[in-house]
Amino acid sequence: MELSKKRRKKLQSVVDQDYGYRRYEDRDVYVYDHGGKLGCGVFAARQFLPGELVIEIKGQLIPAAEYDGSTYAMHLEDDWYLEPVIPGAFINHSCSPNCDLVQVTATTNGLIARCNIEAGTELCFDYQWDAQWWIPRCRCGARDCRGWVVGEDQVKKMKKIAARNKKAK
Ligand SMILES: [Zn+2]
């Protein structure tokens, strides 16, 4: 069956719209698989200047009451969590990051460049998790690495939990 001209035009506009979005991501950032334990990371495909919005992070919204502690979920205002889609889900933590995570709209976060970022650099932000009952070891390699993927104010608590876990073994 032949599509009508009008229908074809409409479908094409949908395709173009999607393509435009993909192209936007391809031009600015790319996902690279380090392999093994390191997993995936997101890299700059071009230079970013300090304060520049690198990507907007979108995803599924989860009410805080139903949040089950997925490691990728990000906290939003008003008791909502954002479960980011790719590439947002693959951005790694660093204790000395080159990006900041800020809320840009009611339902999205943004990754903002903290410093000059050259093309080919891995993008990361400080997850600042609360201390966890499990051990979220950090291997970011930063000079001032806190040892765990937790916020500065959570390090003491994390040390206690780690010591307790050691004894239990
Ligand atoms: Zn670290």
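The values are calculated or read from the model by the stated rules, or taken from the named source; none is laboratory data. These numbers were taken from a predicted model, which means no experiment stands behind them. Here the Cβ is made from the backbone with ideal geometry for all residues, glycine too, and neighbour counts use every protein chain on show. Remember, those area values only see protein heavy atoms, side chains included, never the ligands or the DNA or RNA. Shrake-Rupley method; radii C 1.70, N 1.55, O 1.52, S 1.80 Å.
Brief remarks on what is shown
- The Cα trace of the chain gives Rg and Dmax of 19.5, 72 Å, the first to one decimal, the second as a whole number.
- Mean Cβ neighbour count within 10 Å, used as a protection proxy, ranking 121-131, 44-54 highest first: 121-131, 44-54
- Contour minus Cα-Cα distance for Ser96 and Lys37 (0.36 nm per residue): 19.2 nm
- Residue with peak Gaussian network fluctuation, the chain [Cα springs, cutoff 10 Å], from Glu118, Glu56, Glu83: Glu118
- Extension gain, Trp134-Glu152: 0.36 nm per intervening residue step, less the Cα-Cα distance, totals 4.8 nm.
- All Cα pairs of segment 129-169, percent lying beyond 17 Å: 27 percent
- The C-alpha atoms of the chain define a longest principal axis, and helix 5-28 lies at about 30 degrees to it.
- In the full protein context, the chain carries 68 Å² of accessible surface per residue, based on a 1.4 Å probe and ignoring ligands, DNA and RNA.
- Computed from Cα atoms, the angle from the helix 155-168 axis to the main principal axis of the chain rounds to 70 degrees.
- Once backbone amide H atoms are built at 1.01 Å from N, Cys138 has Gly147, Trp148, Val149 as its partners under 5 Å, excluding neighbours fewer than 5 places away on the same chain.
- Length gained when the stretch Arg7-Arg27 is fully extended (0.36 nm per residue, less Cα-Cα span): 4.2 nm
- Label-point separation, Ala142 to Glu83 (7 Å along Cα→Cβ), nm: 2.8 nm
- Highest to lowest packing among 34-42, 98-106, scored as the average C-beta count within 10 Å: 98-106, 34-42
- Cut-off under 5 Å, modelled amide H: who pairs with Trp80 long-range: Ala64
- Debye log10 I(q)/I(0) at q = 0.11, 0.16, 0.21 Å⁻¹ for segment 28-127, Cα point scatterers: -0.31, -0.66, -1.07
- Positive-pole candidate from Tyr72, Gln60, Cys40, dipole of the chain, charges at beta carbon: Cys40
- Within the accessible area of segment 86-140, the carbon and sulfur atoms contribute 50%, probe 1.4 Å, all protein chains present.
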